[in-house]
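The values are calculated or read from the model by the stated rules, or taken from the named source; none is laboratory data. From a predicted model like this one, the values you see are computed outputs, not experimental measurements. We place every Cβ from the backbone using ideal geometry, glycine too, and count neighbours over all the protein chains shown.
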Amino acid sequence: MTPLQDHLATGVTTTARVWAVTRADGRVHGFTDHDLDLAFDGFTFRAGSGLTAKALQQVTGLSIDNTEAAGALSDASVTEADLRAGRFDGAEVRCWQVNWQDVSQRTELFRGSFGEVTWADGAFRAELRGLTEALNIVRGRVFHAGCLAVLGDAQCRFAVAQSGFTVEVPVVEVLLPGRFRVAPEGNFAEGWFAHGRIEVLSGAAAGLSGAVRLDTPEEGGRILELWQEIPAQVVAGDGLRLVAGCDRSAATCKEKFGNFLNFRGFPHIPGEDWLSAYPRDGQISDGTGWTR
């Protein structure tokens, strides 16, 4: 038996639960339902955060372990602004049962991630998803004309940090939420950053990013419009990193990036029209269209 099991077997226990929530940006939040702060493994688990959780549901097989955590919003721990900005989306969650008189006596009860997060009336609720959640993700290649890789990832292998494909600029003007005027140095073609992304480097939205829908040059600068506004305030003077866009077509991969050897699509695959086609004089039967 472990020391914690020996302690539980006495029938008179001094146990509490502690939680470590690690966000995608690496920031760790520690919580405990004990009335005093606890600490181990370099983490401090703060009392008074109001974090509680329903009973863990843990089953055999491939079903998802799940539970729900709830807590109070405060400037010291979880803020509504961080939740709105999505900084806790997909955060890793670990939970231990610990003897608060001797924190070396502990056992891990749960490990997983945040699912859906909601907030209202000064409190938040987060769905917790177990490790088996990843087994529900469909994996494998999809056969279609477009590239499956993301620009700069391990499949694409293109070095986006090189000059001409990544540039850092300040926001000149915020025209609308999700629509900015910038003035990058360099002679970039129209639409150079369309299908690319912006990463916010400073200000209230630092660490967040967005996908670029339109990139329109104008005298002395260009207008960037995002598919979806960044869920935190961006103001003039905030720093942005602009990454060139890729529409995942074979032509763009070859002509814009010179990276066709790493293209991860099937540009010559027949289209859907080919499935219902029948031989006809003057017809191109490769799925690209018809001639008459």
Worksheet, complete the sentence: Counted residues in segment 13-43 being among the charged types (D, E, K, R) and either under 14 Å from Arg94 (Cβ atoms) or not assigned by TED's automatic domain parsing to the domain that holds Asp89 (or both) come to 3
Worksheet entry | Inter-residue pairs, beta-carbon under 7 Å, first in the same structural domain as Val234 (by TED's automatic domain parsing) and in segment 169-183, second hydroxyl-bearing (Ser, Thr, Tyr) and assigned to a strand (DSSP E or B), 6+ apart | none
Worksheet item: For segment 15-76, list the strands (runs of 3 or more DSSP E) that sit wholly inside it and hold at least 3 residues that are modelled with pLDDT of 85 or more and within 22 Å of Arg106 (Cβ to Cβ); which are they?
Response: 15-22, 28-32, 38-40, 43-45
Practice prompt. Go through the residues of segment 229-236 one by one and say whether even a single one is within 18 Å of the chain's Cα centre (by Cα) and at pLDDT 95 or above.
Written response: no
Discussion item. Take the conditions of a type outside the set (Val, Ile, Thr) and assigned to a loop (DSSP other than H, G, I, E, B) and apply them to Phe188. Does it pass?
Written reply: yes
Worksheet item: What about Gln162, is it exposed (fewer than 12 other Cβ atoms within 10 Å of the Cβ) and in contact with a strand residue (DSSP E or B) (Cβ under 9 Å, 6 or more places away or on another chain)?
Response: no
Response to the item:
From the option list Val167, Val160, Val142, Val172, single residue qualifying as closer than 17 Å to Gly239 by Cβ, outside any helix (DSSP H, G or I) and in contact with a Leu (Cβ under 7 Å, 6 or more places away or on another chain) is Val167
Discussion item. Tally up the residues in segment 198-225 that are assigned to a strand (DSSP E or B), surrounded by fewer than 20 Cβ atoms within 10 Å (Cβ to Cβ) and not acidic (Asp, Glu), please.
Written reply: 8
Worksheet, complete the sentence: Those residues of segment 2-47 which are under 24 Å from Arg84 (Cα atoms) and hydroxyl-bearing (Ser, Thr, Tyr) amount to Thr22, Thr32
